[in-house]
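Since the structure comes first, as structure tokens, the remarks are kept for the end.
The values are calculated or read from the model by the stated rules, or taken from the named source; none is laboratory data. Predicted, not measured: the structure shown is a model, and the values here were computed from it. No Cβ is skipped: glycine too gets one built from the backbone with ideal geometry, and neighbour counts run over all protein chains shown.
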Amino acid sequence: MAITVLQIGCGNNACKIGGETAMFRHEKAFNNSTALTIELMSSKKESVLMDTIKLIQDYKFERDGKTLTVDLFCITQNSSTEDFIKVVNMVKQNTSKGVILNTKEKDALKDALEILKSDQPAILLSSAVTDEDITLAKTYKASLIVSSKSFDDLAEQTEKIKSAGVTDIALNLLSDSLEKQVENNTIIRRAALKKNFEPFNYPLFTYINTTDECDSMIAATMFICKYSNILVLQKVNKAMLYTLLTLKQSIFS
Amino acid sequence: MKFEIPKETNPGKITEVVLGATDTEGGTRCNKITIGGWSSLRCLKFEGSHPHRPIVSMDVYDIVPEKYPIILKSYFGSTLDIPTDMARKCVEEYATDMINIRLESTRPEKGDVNIDETIKIVESIKIAVSAPLIITGYGSSKKNSELIKKICELTAGENCLINWVEIDDYQMIAEACMTYNHALVAHASFDVNLAKKIIKQLHDMNFPKDKIVINPSTNPLGYGLEDSYSAIEMIVNEALAGDELLSYPMIVCPGYKTSTIRENLTTEEETPELGHLDSRDACWEISTAMSLFIAGADLLIMSNPKAAQAVKISIDDMFNSGEVA
């Protein structure tokens with residue numbers, strides 16, 4: 001079995017993830033590298049957000065004959081709906097990269113999806129998937145990133161989504177430590193590839209919960225190596241971007 | 001829906017290797033360190049035991065390389081010219097678990113210093129710090145073998161880790177390790193079969209199995225890291241599957257290798273896309289080190305103090321203990 005290939009964003013900047021068929025890169029090369037994703041929090045100042053958007057949009061370099069760039073933005077609502085929609089519009093107007101929407105407010109989500117209606121965004125769910133979420137995903141051709149603290153619940157959610165005809169899914173199993181996250185990522189990937197457990201046959205999503213430079217690098221490195229297909233970082237600089245984009249190129253080769 | 005966790009049991013286990021010797025064992029180190037002993041892939045504690053945390057060591061040079069990153073010079077300052085001071089700084093300020101004495105000055109192309117001069121430096125570091133020691137030579141040559149043999153004698157009973165021997169050129173150093181009670185690194189050059197051959201040679205001469213460590217070879221990020229990464233994963237997989245010729249802990253050198261690459265030897269003006277010097281060196285070394293750690297390396301020799309401390313703290317957290325068992 002191969003992990004489902006998922007696309008976030010469209011056009012030249014469409015980001016494809018998944019497709020792995022083996023647990024180790026020496027068994028079969030990993031192709032679609034981890035989507036490096038930068039978080040934009042709605043509570044931040046407009047000038048700070050714009051600086052980040054510009055840095056990420058413009059950041060690129062050549063290495064081994066390829067142009068390496070950052071893949072996605074994750075827009076997180078941690079203030080008013082008005083702030084959140086403002087950030088969605090800033091990203092829409094200033095970048096061509098794919099977007100993950102992270103909000104608990106359904107009205108805010110609908111408005112954001114309307115703005116990004118032709119852009120194939122992804123929706124990060126923080127609670128169990130609902131029929132309304134599935135309908136929104138279908139209507140706007142959006143992917144669903146399902147979250148849970150338990151394997152059983154996560155599997156039930158993906159089965160529910162799949163039975164409704166949606167297969168653009170990513171898995172977010174919430175863990176409380178780095179080593180537990182690696183363990184959980186491995187268990188999910190092994191279940192899919194070696195036990196043909198279909199509810200886990202999807203790419204993996206990981207949110208790195210630190211703003212410290214060194215701790216972010218430690219976590220991001222471990223998860224690029226061990227099965228995270230979407231990796232969200234809260235805060236980055238050029239040195240971190242250069243290193244992590246090079247690491248992606250190395251491991252996915 | 002009830003999900004059943006797919007658990008794998010491994011017939012093999014990584015051999016435990018003890019490094020360093022306290023006065024109880026006839027040495028003068030303040031502690032001893034055990035690596036290896038684990039029986040499932042890194043971080044997979046649900047299907048195997050991981051009794052000892054991987055170790056962070058730091059490089060101390062007999063002579064600092066001609067090309068050495070500006071940022072590392074700023075961390076170490078004048079101690080770079082005085083190996084004992086650099087060793088003390090690594091132990092006292094940066095809390096490294098072990099000191100790696102990297103010997104380069106006797107190389108014909110790096111000064112061709114007399115062996116006796118280098119030995120004095122090793123002796124002074126041995127006295128200056130009490131952390132367990134790694135002695136890293138520079139590979140296959142008669143002069144290197146003679147140097148390492150004399151250091152084995154000088155450090156008799158300290159249970160140092162002698163780094164390294166290669167296939168078909170191991171006899172003199174391996175015999176010295178056996179005579180003076182040191183552990184030894186077998187160099188594998190990214191090749192699983194080569195690792196098996198050199199270890200078979202050590203087994204054939206009855207070298208103690210609890211004193212062998214493998215060096216799979218380290219390429220830094222951006223310069224073939226993936227070869228080191230996959231070599232480690234292949235060795236670990238075969239070891240856990242029961243191949244006793246590969247069931248040894250592994251040592252890697254992310255610090256030294258990172259400090260030699262183009263990116264860390266340029267200025268911010270020359271390569272602005274790489275960001276600030278301090279961040280780029282630390283980020284590059286962390287990423288190299290943590291990739292090799294997650295693949296299965298047990299002993300990381302690092303150079304950048306910021307990177308070394310962050311990696312050590314993170315590994316300590318993962319293994320739930322700050323104490324070296």
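Couple of notes before you dig in:
- With respect to the stated conditions, B:Glu66 fails to be among the acidic types (Asp, Glu), closer than 21 Å to B:Val213 by Cβ and either away from chain A (no Cβ under 14 Å) or in contact with a helix residue (DSSP H, G or I) (Cβ under 9 Å, 6 or more places away or on another chain) (or both).
- Condition check for B:Ser247: touching a Leu at 6+ places or on another chain (Cβ under 9 Å), buried (at least 20 other Cβ atoms within 10 Å of the Cβ) and away from chain A (no Cβ under 12 Å): yes
- Scanning the stretch A:148-198 for residues that are within 23 Å of A:Leu101 (Cβ to Cβ), touching a residue at least 60 places away in the same chain (Cβ under 8 Å) and not in a loop (DSSP other than H, G, I, E, B) yields A:Ile169, A:Ala170.
- Entry remark, the stretch B:3-34: residues being more than 14 Å from chain A (Cβ to nearest Cβ) and in contact with a Leu (Cβ under 6 Å, 6 or more places away or on another chain) number 3 in total.
- Selected residue (only one of B:Val213, B:Val192 is at the interface with chain A (Cβ under 10 Å from one of its Cβ atoms) and either in contact with a helix residue (DSSP H, G or I) (Cβ under 8 Å, 6 or more places away or on another chain) or not polar (S, T, N, Q) (or both)): B:Val192
- Considering residues of the stretch B:9-60 that are polar (S, T, N, Q) and without any contact (Cβ under 8 Å) to a residue 60 or more places away in the chain only, the residue farthest from B:Leu246 (Cα to Cα): B:Thr24
- Filtered by the rule that a residue be β-branched (Val, Ile, Thr) and either assigned to a helix (DSSP H, G or I) or touching an Asp or Glu at 6+ places or on another chain (Cβ under 6 Å) (or both), the stretch A:199-221 gives A:Ile218, A:Thr221.
- Number of the exception - B:Ala183 against (1) modelled with pLDDT under 95; (2) within 24 Å of B:Ile151 (Cα to Cα): (1)
- Among residues of the stretch B:266-297 being more than 10 Å from chain A (Cβ to nearest Cβ) and closer than 22 Å to B:Glu226 by Cβ, the one that is surrounded by the most Cβ atoms within 10 Å (Cβ to Cβ) is B:Ala297.
- B:Asp281 meets the conditions (1) more than 18 Å from the chain's Cα centre (by Cα); (2) under 20 Å from B:Pro69 (Cβ atoms); (3) not in a helix (DSSP H, G or I) in every case but one. The failed one is (3).
- Of the listed requirements (1) more than 8 Å from every other protein chain (Cβ to nearest Cβ); (2) under 30 Å from A:Lys54 (Cβ atoms); (3) surrounded by fewer than 20 Cβ atoms within 10 Å (Cβ to Cβ), A:Ser253 misses just one: (1).
Per-residue answers, yes or no, for (1) among the hydrophobic types (A, V, I, L, M, F, W, C); (2) within 19 Å of the chain's Cα centre (by Cα):
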site: A:Thr52; (1), (2): no, yes
site: A:Asp83; (1), (2): no, no
site: A:Met90; (1), (2): yes, no
site: A:Glu105; (1), (2): no, no
site: A:Ala108; (1), (2): yes, no
site: A:Pro121; (1), (2): no, yes
site: A:Val129; (1), (2): yes, yes
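- Members of the stretch A:25-82 that are of a type in the set (Gly, Ala, Ser), without any contact (Cβ under 8 Å) to a residue 60 or more places away in the chain and within 29 Å of A:Lys110 (Cβ to Cβ): A:Ser42, A:Ser43, A:Ser47, A:Ser79, A:Ser80
- Counted residues, the stretch A:95-113 - those being in a helix (DSSP H, G or I) and either free of Cβ contacts under 8 Å to residues at least 24 places away in the same chain or polar (S, T, N, Q) (or both): 0
Residues are listed down the side, and each one gets a yes or a no for (1) surrounded by fewer than 20 Cβ atoms within 10 Å (Cβ to Cβ); (2) acidic (Asp, Glu); (3) facing chain B (nearest Cβ under 8 Å):
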{"residue": "A:Leu171", "(1), (2), (3)": "no, no, no"}
{"residue": "A:Asp176", "(1), (2), (3)": "yes, yes, no"}
{"residue": "A:Glu179", "(1), (2), (3)": "no, yes, yes"}
{"residue": "A:Ala192", "(1), (2), (3)": "no, no, no"}
{"residue": "A:Phe205", "(1), (2), (3)": "no, no, no"}
{"residue": "A:Asp212", "(1), (2), (3)": "yes, yes, no"}
